[in-house]
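Participant: Got a structure for you, written out below as structure tokens; questions coming shortly.
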Amino acid sequence: NAGVMQNPRHLVRRRGQEARLRCSPMKGHSHVYWYRQLPEEGLKFMVYLQKENIIDESGMPKERFSAEFPKEGPSILRIQQVVRGDSAAYFCASSAGAGEQFFGPGTRLTVL
Amino acid sequence: KQEVTQIPAALSVPEGENLVLNCSFTDSAIYNLQWFRQDPGKGLTSLLLIQSSQREQTSGRLNASLDKSSGRSTLYIAASQPGDSATYLCAVRYGGSQGNLIFGKGTKLSVKP
């Protein structure tokens, strides 16, 4: 059983471009969470999704950021018109209901 | 406001020592608590999960305790090894529709050979 998979592992974008981060949860998991880790800071919750539904997006910036978890395929975190302050490690986690969350290796976004 | 605090921020010990990492949380109505390990530039590895009804969990040389009433958890590492060097993160989950984890900033552990 493969763990949580994220791709790409590293992503470089210029200011103003779009960044798309993908997350495939563990087999059998229908709950996906996105977290962001800014340099020298702790992990902060962004959004919690179940298949086709956003359950909690209280940690998501109001503009430029969006997330989806379609019926088929991976969850996508999309950042439009990236700025340097978006440079961070973005982690995805999955769980089967309210149990243990398992994390992927992260995507490290660098905005030039 | 629900916050998680970890003390100390950094710890350096000689190999073989037993050590304790501390985690405190402001709201005691937790659903569960997880301890993670994060190596530099890497993802998070789950170490132990303690449900709100439990007092402790053990895995190998690791033991985590939970005292909800005082809002505290400790991670005990026995006979530390250089390979234990990493950042240890404590994260709390509250119930209801809040599925997310609230993380502390971590304790960076260095075990010297």
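The values are calculated or read from the model by the stated rules, or taken from the named source; none is laboratory data. Remember, it's a predicted structure, so these values are computed and weren't measured experimentally. Cβ placement follows ideal geometry from the backbone for every residue including glycine, while neighbour counts extend to all protein chains displayed.
Participant: Pick from region B:32-62 the residues that are without any contact (Cβ under 8 Å) to a residue 60 or more places away in the chain and among the aliphatic types (A, V, I, L, M): which of them is surrounded by the most Cβ atoms within 10 Å (Cβ to Cβ)?
Facilitator: B:L44
Participant: Considering only residues that are in contact with a Gly (Cβ under 8 Å, 6 or more places away or on another chain), surrounded by fewer than 15 Cβ atoms within 10 Å (Cβ to Cβ) and either at positive phi or among the hydroxyl-bearing types (S, T, Y) (or both), which ones fall in region B:6-30?
Facilitator: B:T26, B:S28
Participant: Any idea how many residues of region A:33-65 are closer than 15 Å to B:R93 by Cβ and surrounded by 22 or more Cβ atoms within 10 Å (Cβ to Cβ)?
Facilitator: Total satisfying the criteria: 5.
Participant: Could you look through region A:35-53, keep only residues that are within 16 Å of A:S94 (Cβ to Cβ) and aliphatic (A, V, I, L, M), and pick out the one that is nearest to the other protein chains (Cβ to nearest Cβ)?
Facilitator: Going through the qualifying residues, I end up with A:L43.
Participant: A further question follows. Just checking, which of A:R22, A:R15 is touching a Pro at 6+ places or on another chain (Cβ under 6 Å) and of a type outside the set (F, W, Y)?
Facilitator: Answer to the check: A:R22.
Participant: Just to verify a result, which residue in region B:74-92, among those that are in a helix (DSSP H, G or I) and farther than 12 Å from B:L62 by Cβ, is farthest from the other protein chains (Cβ to nearest Cβ)?
Facilitator: Among those residues, the one meeting the criterion is B:P82.
Participant: Follow-up. Could you grab me the full set of residues in region B:1-43 that are closer than 14 Å to B:K68 by Cβ, touching a Lys or Arg at 6+ places or on another chain (Cβ under 6 Å) and part of a strand (DSSP E or B)?
Facilitator: Once the filter is applied, which keeps residues that are closer than 14 Å to B:K68 by Cβ, touching a Lys or Arg at 6+ places or on another chain (Cβ under 6 Å) and part of a strand (DSSP E or B), region B:1-43 yields B:S24, B:Y31, B:N32.
Participant: Residue by residue through region A:24-53, note down the ones that are part of a strand (DSSP E or B) and of a type in the set (A, V, I, L, M, F, W, C).
Facilitator: A:V32, A:W34, A:L43, A:F45, A:M46, A:V47, A:L49, listed by residue number.
Participant: Also, quick follow-up: Please verify whether region A:34-50 includes one or more residues that are at pLDDT 90 or above, hydrophobic (A, V, I, L, M, F, W, C) and touching a His at 6+ places or on another chain (Cβ under 9 Å).
Facilitator: Yes, because at least one residue in region A:34-50 is at pLDDT 90 or above, hydrophobic (A, V, I, L, M, F, W, C) and touching a His at 6+ places or on another chain (Cβ under 9 Å).
Participant: In region B:86-113, how many are of a type in the set (S, T, Y) and surrounded by fewer than 18 Cβ atoms within 10 Å (Cβ to Cβ)?
Facilitator: 2
Participant: Return the residues of region B:93-112 that are modelled with pLDDT under 95 and more than 8 Å from every other protein chain (Cβ to nearest Cβ); say none if nothing qualifies.
Facilitator: Of everything in region B:93-112, those that are modelled with pLDDT under 95 and more than 8 Å from every other protein chain (Cβ to nearest Cβ) turn out to be B:Y94, B:G96.
Participant: Still on this structure, please answer the following. Quick check: anything in region A:45-62 in contact with a Leu (Cβ under 6 Å, 6 or more places away or on another chain) and over 26 Å from B:Y31 (Cα atoms)?
Facilitator: no
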